[in-house]
Amino acid sequence: MTGELDLNLLPFYRLGGQEWPTLPGLTALNPPKKCARGREDDRLILYLAISGNIPFSSTDYNRLTGQLVERFYQTPGSLTSAMRRVAESFNQSLVSLNLRSTGRGQHTVGRLILGSLRGAQLVLVQCGPTHVFHIGAQARHFHDAQISGRGLGASQTTPVFFSQTDLEPGDLLALCPHLPAGWEAALQAERSGASLEALRRKLLASNQDDLNAAIIQAQAGNGNISFLKALPPQPAPDRRADLPPVSAPAAQGQAEERPVSPARRMAQILSQSAAGSEGVQRTPPPAVAGGEPEGLVPAAAVQRAPARPAEQAEEKAQRPASRFIRQSQAGDSQPAQPAVPPRRRQVFGWLARALRAVRHMGQVASAGVKRFLPRMLPGEDEPSPPLTRPFLAVTAIAIPLVVATVAVLVYMRYGTPAQYEENYQLAVNSAVGAIGQDDPAVVRHAWESAIYYLDKAESYKVTTESQELRVEAQNALDTMDGIIRLNFRAAISPALNKTVQVSRMAASETDLYLLNATAGNVLRAFETAGGYEVDPSFECGPGTFGDVQVGALIDIATLPAYNQFGATLLAMDGSGALLYCAPGEEPQAARLAAPDISFKGIAGFTLDTDANNLYILDPAANAVWVYAGYQGSYADLPIFFFGEQIPAEMSSAIELAATRDDLYLLFASGQVTICTVSRLDEVPTRCYDPATLVDNRPGHQSGPTITDALFTQMTFASPPDPSLYLLVPNTQAVYRFSPRPDSLNLQAQLRATVNQSRELSGLQASAMAISPSRYLFLSIGNQVYYATDVP
């Protein structure tokens, strides 16, 4: 499909004070019959300019533009990727040429303007400091030297500046690799519907230097593309042609030959060039009112019978002098071919013809039944009885059902592709709208809209192009959000019983421990070749162990290999009873010494990175209690962690993590407080309450919280790359922060792949854990998933 706008291209090429009718490096064409998938509807405008001290002939320009055009139409997939590939190909050609010419002191720099027109929507690519003006209801100037770069051929990186606009009939485009002095003001003052001839005179008069530019006029039509050639002014017509011819003196034998002016000779040459080499006399007709730009005539005209000299002179006197000659898209004398009908017209045309055929079939069948049934009955000569009402009722019901069935079948055959194409095109338009924008909100909305329309398009069918565009859109959004996609796998097979509610997890090098909030006990899963397997013999739960009564467990943590109890896991209940568990061993219990004011409501505990100190979170008492330990034993009295500075929201603290030097507190609001761990009883504790969460993502701001996340759990990963990981349950995301003394710097958010996230949508992550080897575990629903090589 080529759209319904005609394009008239007028080149400006002045070199050394002489104007030339054609401009090397400028081409425009409709899509060929054989092109890659996705390029069927793209009308291409390509304009390249090359400067430097390496000579380029017109043949070189034609060969290069032909290669780039072929590259564009042979590149499948999204429009932006095809246009980018053309720019990269042009850049690579110039880079290779410069590398070969380095030893001779020669170099070249290229500038490229590439446009793709789909219907009325024009997508532009600019490489190098080029200028494009769109003259419509208002004049728009497309130019960004910082993005588009200094030119092509200087480096392997291809700078590309994307933009987009919509063309209406009467609009003008000005393409300028180098902006001539005085043109910007002249073009900014123009509006849609301006005379092409008047604009040409205005621009030529505003600058007397060398020119290299092009003007494109859009007109309502059938998708034709025409190149216009400027002609010098014609001399006034000779009225003496109407007088009878005067006989020449007999001595001369022929009429005196009059000299031909240079302007008339150029007109004759250009006319002959436009007429072609078919040997048919062609005369340019007058301009068609409303259908052609002012002063434009087609170069190819209908064949006419030879006229008498007097008639020719009269017609020439009445015809206005032509300022331009129109050439077809291919540059020959044939008129441009009409545009291919839109695909949607084909679909609904098929549907209309099918409905008419079914309706006609029903009418024929009904008439045949009326004629045939009476002949089947005896008494053929007797009058035929009228058809019964039941028969007519059945016929009235059956025929619409048949028509509806056929209509549905036709729609499924031809309507589905149309629905796909419409939504896919909307997705492409949205994606193009994100390119070149500076406002993060606009960019995000554009990419999200692209995914929305892709979802609708792929509900009809999934194609390579839609998948490629989806990847491009998702990558753009992920980059904006700092998302790193991880490939998660199911850790436990079969999945956990639905009665198991995992509230906490802890991981060692080989084992994974799950705290079941339903029963208050711990499950152990050990690593196997294909994942993890639950250990049915592992014991770690409520009960009486010696003289210690242990209730439902509320928190867990792994222990170093060397400890007094030979345990691998430490668990705690809500009263402060500790339970030491190990595979194949009976649990051992110990009770912590209560503080002077007793525990008010233990919410959890943590061990520092060396497991030397045990920190208990008691938000009901606005306290964190610290127990100094030795080889896993914490028998001493606790110490109140805070000095005079107690965090303001201490009563809403929900989680804590500790290192040798710092304590991190997570609150229900999503804020985090960082406190410096001093030598107990020596230096007062200093807290940054709340700490600043540094967020450098586009459209986000640093502050006490992250705008798109509410954290519920937190864990610390030890050096060599110390990181603090925080869990966001509803998005199943884990945010990774780099700790600083007074702030946390957001590095990335870790998420499952898009397909995995779609499969797990609607479920919340209830717990997370990080193993020493940087395995990330997430509990989602009744399954635990894990990913390796976590950053």
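The values are calculated or read from the model by the stated rules, or taken from the named source; none is laboratory data. Note that this is a predicted model, so its numbers are computed, not measured. Neighbour counts are summed over all protein chains in view; Cβ atoms, including those assigned to glycine, are modelled from backbone coordinates with ideal geometry. For accessibility, only protein heavy atoms count, side chains too; no ligands or nucleic acids. Shrake-Rupley method; radii C 1.70, N 1.55, O 1.52, S 1.80 Å.
For Cα pairs less than 8 Å apart in space and 6+ apart in sequence, what is the mean separation divided by the residue count of the range 411-560, i.e. the relative contact order in percent?
That works out to 14 percent.
Can you tell me how the range 667-791 classifies by the Cα gyration tensor, rounded, prolate or oblate, using a/c under 1.5 as the rounded cut?
prolate
Mind grabbing the accessible area of Y786 for me, 1.4 Å probe, Å², rounded to tens?
20
Given Cα pairs under 8 Å that are at least 6 residues apart, what percent is the relative contact order of the range 637-780?
16
Restricting attention to the range 1-104, which trypsin sites (Lys or Arg not before Pro) occupy a DSSP loop and are surrounded by at most 15 other Cβ atoms within 10 Å?
Here the trypsin sites (Lys or Arg not before Pro) that fit, given the DSSP loop and packing criteria, are K33, K34, R37.
Share of the range 534-582's accessible area from carbon and sulfur, percent, 1.4 Å?
55
What ³J(HN,Hα) values, in whole Hz, does the Karplus curve 6.51 cos²θ - 1.76 cosθ + 1.60 give for the range 31-48 when θ = phi - 60°, with x put for Gly and Pro?
Per residue, the Karplus-derived 3J(HN,Hα) values read x, x, 5, 10, 8, 5, 5, x, 9, 5, 10, 9, 8, 9, 10, 10, 9, 10 Hz.
In the range 9-66, carbon and sulfur make up what percent of the accessible area (probe 1.4 Å)?
The computed percentage sits at 52.
What Kirkwood radius, in Å to one decimal, follows from the Cα pairs of the range 395-525?
19.5
What are the equivalent ellipsoid semi-axes of the range 478-555, built from the alpha-carbon gyration tensor (square roots of five times its eigenvalues), in whole angstrom, biggest first?
29, 16, 12
Determine the per residue accessible area of the range 480-529 with all protein chains present and a 1.4 angstrom probe, expressed in square angstrom.
Result: 46 Å² per residue.
How much length, in nm to one decimal, is gained on full extension between T528 and S738, taken as 0.36 nm per residue of separation minus their Cα-Cα distance?
Between T528 and S738, full extension yields 72.4 nm more.
Find the accessible area per residue for the range 647-791; the probe is 1.4 Å, ligands and nucleic acids are left out, and the unit is Å².
42
Using the Karplus curve 6.51 cos²θ - 1.76 cosθ + 1.60 with θ = phi - 60°, work out ³J(HN,Hα) for each residue of the range 460-471 in order, rounded to whole Hz, and write x for Gly and Pro.
9, 6, 10, 10, 4, 5, 5, 5, 5, 5, 5, 4
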